[in-house]
Amino acid sequence: MNDGIVCLSDTRTNAGLDNISTYRKMFTFEDPGERIIVIMTAGSLSVTQTTIARLREAIDDPEATGETSLMLAPTMLKVAELVGNMLATVRAQVDEKLSAMQGASASMIVAGQRRGGAMRLFLIYPEGNFIEATEDTPFLQIGEHKYGKPILDRVVKLTTSLADAQKAVLLSMDSTLRSNLSVGMPLDLCVIERDACQVTARRRIEAGDPQFRAMSEAWSTALREGFSRIVI
């Protein structure tokens, strides 16, 4: 949005109906006041964890440059290229090891801003190529996104306030939680205000969170009441 970026992820990872685990899918790289990068992941855990680990390793390398480190890259576009290249490399290596099985796949969202630059939001595909959020489509989704997409399509615009954007993404996730068992609590939410170049609000929403539950129930009530008023 014009005022900043809102990021939300769940933490459920499935390896079959009887093997459900909780892993963080949101990662922040921050130099407060200078640069903030948030990466969210979906897909093969082996691919996403290895990709994030190697990106962190590149940052810590004493010989790191703007061509190798997220924290030294000159633009957010270069950040997206670094993440895309690393994701594609890791995916190819994992695919090679799993050649006798179905290949591993993963995707990522990269959001952030560097001091003096514009806020930018990218979706990184498994092959390493990417697209950017635009004025016409100011949000991006990965993973099980179809159930929560309608409310974002109807509500989110560049002029949407950060408070309303948080409400929209949480209700979007609530719709997904209700319709797909592969998505689950807890949720990680972060807000990046324009030009702050740091996370300005961060929250973990656990199962049973009273505020989230009340919002979910209010939304369900509003939908039922709206449905009952429609005449055909």
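The values are calculated or read from the model by the stated rules, or taken from the named source; none is laboratory data. Keep in mind that this is a model prediction, so the values were computed, not measured. For neighbour counting, all protein chains shown are included, and Cβ atoms are generated from backbone atoms with ideal geometry for every residue, glycine included.
Observations
- When we screen Ala214, Ala222, Ala207, Ala201 for residues that are loosely packed, with under 12 Cβ neighbours inside 10 Å and either in contact (Cβ under 8 Å) with a residue 12 or more places away in the chain or closer than 22 Å to Ile39 by Cβ (or both), the only hit is Ala207.
- Residue check, Ser182 crowded, with 16+ Cβ neighbours inside 10 Å, within 18 Å of the chain's Cα centre (by Cα) and within 21 Å of Lys25 (Cβ to Cβ): no
- Per the conditions (1) of a type in the set (Lys, Arg); (2) at pLDDT below 95; (3) not in a helix (DSSP H, G or I), the sole criterion not satisfied by Arg178 is (3).
- Residue that is surrounded by the most Cβ atoms within 10 Å (Cβ to Cβ), among those in the range 70-85 that are small (Gly, Ala, Ser) and closer than 18 Å to Tyr125 by Cα: Ala80
- Under the condition of being closer than 20 Å to Gly117 by Cα and either modelled with pLDDT under 95 or assigned to a helix (DSSP H, G or I) (or both), the residues counted in the range 60-83 number 8.
- Residue count for the range 36-56, restricted to those that are touching a Gly at 6+ places or on another chain (Cβ under 7 Å) and either crowded, with 24+ Cβ neighbours inside 10 Å or closer than 27 Å to Asp195 by Cα (or both): 3.
- Residue under evaluation Gly116, criteria (1) of a type in the set (Gly, Ala, Ser); (2) under 30 Å from Asn2 (Cβ atoms); (3) touching a helix residue (DSSP H, G or I) at 6+ places or on another chain (Cβ under 8 Å), criterion not met: (3)
- The number of residues in the range 94-111 that are under 14 Å from Thr41 (Cα atoms), modelled with pLDDT under 90 and aliphatic (A, V, I, L, M) comes to 1.
- Only one entry in Ala111, Ala104, Ala118, Ala168 is in contact (Cβ under 8 Å) with a residue 12 or more places away in the chain, small (Gly, Ala, Ser) and assigned to a strand (DSSP E or B), namely Ala111.
- Exclusive hit being farther than 24 Å from Ala207 by Cα, surrounded by 21 or more Cβ atoms within 10 Å (Cβ to Cβ), at pLDDT below 95 and basic (Lys, Arg), set Arg91, Arg114: Arg91
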